[in-house]
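This report concerns only the one structure given below.
The values are calculated or read from the model by the stated rules, or taken from the named source; none is laboratory data. Computed from a predicted structure; not experimentally measured. Glycine gets a Cβ as well: all are built from the backbone with ideal geometry, and neighbour counts include every protein chain shown. Ligands, DNA and RNA are stripped out before the accessible areas are found, and what is left, the full protein with its side chains, is counted by its heavy atoms. Shrake-Rupley method; radii C 1.70, N 1.55, O 1.52, S 1.80 Å.
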Amino acid sequence: MELWYTEQHTDSVRFSIKVDKALYSGQSEFQRIDVFSSLEFGVFFTLDGLMMVTEKDEFIYHDMIVHVPMATNPKIKNVLVIGAGDGGTVRELTRYKAIEHIDMVEIDKMVVDVCREYLPQTACKLDDPRVQLYFEDGLKFIRSKENAYDLIVVDSTDPFGPGEGLFTREFYGNCYKALKEDGILVNQHESPYYKEYAKSMQRAHKRIREFFPVCRVYQAHIPTYPSGHWLFGFASKTYDPLTDIDEQAWNDLGLKTGYYNTEIHKGCFALPNYVKELLISADE
Ligand code: SAM
């Protein structure tokens, strides 16, 4: 008998991975959590039937969500991570000696517990002494924060269910307030390719633009996400990732990465015309 994980990317497109073993299945207060093992992608986990992380391609997502802001401002000391229960974002952040403190706010403790057990590849640095874990809603957590962080990383699920609030105007406004005067906000920004994802991407861009003077979008190829073409948002009060990147300083750190390098950094902000048009029309 063959076992396949199938995710519906649109009403008429599906993506499947042959499953070797179903390792875990559970229902938290917020969502259904499943963990599988597969020959092609190794262990992977899904929330409410949507792909979150696979052992084989998680390095692309985590490199891009962390190293792009860190190479733009290597002096970042205080970081807030929202979502990110698998731990991959924190793993990459803890590689920087300059970072003094990381608050990570994940709504669902069960995601962290399951990832600690089945995905040590990503969860391995959650016990770093600089990391403080909070199990609460990021939307509420950030309301009381002011001038507190150099970097906010929003590593969330899609804009429905528990992740919905992390794509709202209220949330982005509070991120602006929670950041110091040279603060940077990076978020997973959905995909431009399929219509429903593109709408979420446009809405997020429009809302972030209302608050931040520097507002850019960059891309990466992530094979297991819908269409494989994924975007990240870079918003900031002062830093521009294209003109402020200190290539020498980042390369001198000697960090070994599987995807990110300083050429990718410059190239990933060059967007295809159809994406540029979607971003321009998001403002109309
Ligand atoms: N890399 C992934 C992706 O783009 O598919 C996202 C990874 S991470 C597992 C997303 C996490 O965000 C989930 O564990 C989820 O529980 C958490 N999350 C969703 N809504 C949240 C909220 N309002 N506050 C804090 N965490 C939230």
| request: Provide the percentage of antiparallel DSSP beta bridges, counting only those with both residues in the chain; round to the nearest 5. | output: 65
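Carbon and sulfur atoms: what percent of the 1.4 Å accessible area of segment 101-251 do they account for?
On the way: 2890 of 6200 Å².
Answer for segment 101-251: carbon and sulfur cover 47 percent of the accessible area.
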| query | What's log10 of I(q)/I(0) for segment 218-281 at q = 0.26 Å⁻¹, Debye sum over Cα points only, no solvent? | reply | -1.27
| message | What number comes out for accessible area per residue over the chain if the probe is 1.4 Å? Units Å², please. | response | 44
| query | GNM on the chain, C-alpha springs below 10 Å: top fluctuator among D150, D137, D128? | reply | D128
| field | Values of log10 I(q)/I(0), in the order q = 0.13, 0.27, 0.29, 0.32 Å⁻¹, for segment 3-54 under a Debye, Cα-only, solvent-free model | value | -0.29, -1.08, -1.17, -1.28
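Count the lysine pairs in segment 38-141 that are 8 or more places apart or on different chains: how many have C-alpha atoms under 19 angstrom apart?
Going through segment 38-141 pair by pair, I get 7.
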| Cα-only radius of gyration and Dmax that characterise the chain, units Å | 17.8, 58
| task | Counting only C-alpha contacts under 8 Å and six or more residues apart, can you give the relative contact order of segment 6-87 as a whole percent? | result | 16
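Would you mind calculating the relative contact order of segment 86-128 from Cα pairs under 8 angstrom and at least 6 residues apart, reporting the percent as a whole number? Show your work: numbers first, answer last.
Numbers: 33 pairs, mean separation 27.8, N = 43.
Computed over segment 86-128, the figure is 65 percent.
Pop out the carbon and sulfur fraction of the accessible area of segment 28-81 as a percent, whole number, probe 1.4 Å. Mind showing how you got there, number by number?
On the way: 920 of 1630 Å².
After summing per-atom areas, the C and S share lands at 57 percent.
Considering only protein heavy atoms, with the full assembly of protein chains and a 1.4 angstrom probe, order D11, D240 by accessible area, largest first. Show your work: numbers first, answer last.
Values: D11 150, D240 30 Å².
Correct descending sequence by accessible area is D11, D240.
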| Given charges of +1 on the Cβ of Lys and Arg and -1 on the Cβ of Asp and Glu, with all other atoms neutral, how large is the dipole of segment 219-281 about its Cα centre, in debye to the nearest 20? | 240
| message | For the chain, what does the relative contact order come out to in percent, with C-alpha contacts under 8 Å and a separation of six or more? | response | 16
| remark: The base-10 log of I(q)/I(0) that the Debye equation returns for segment 144-273 at q = 0.11 Å⁻¹, one scatterer per C-alpha, is -0.41
| Net dipole in debye of the chain [+1 Lys, Arg Cβ; -1 Asp, Glu Cβ; about Cα centre; nearest 20] | 440
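What order, most packed first, do the peptides 166-176, 17-27 have when packing is the mean number of other Cβ atoms within 10 Å of each residue? Mind showing how you got there, number by number?
On the way: 166-176: 19.4, 17-27: 13.6.
Packing proxy ranking, top to bottom: 166-176, 17-27.
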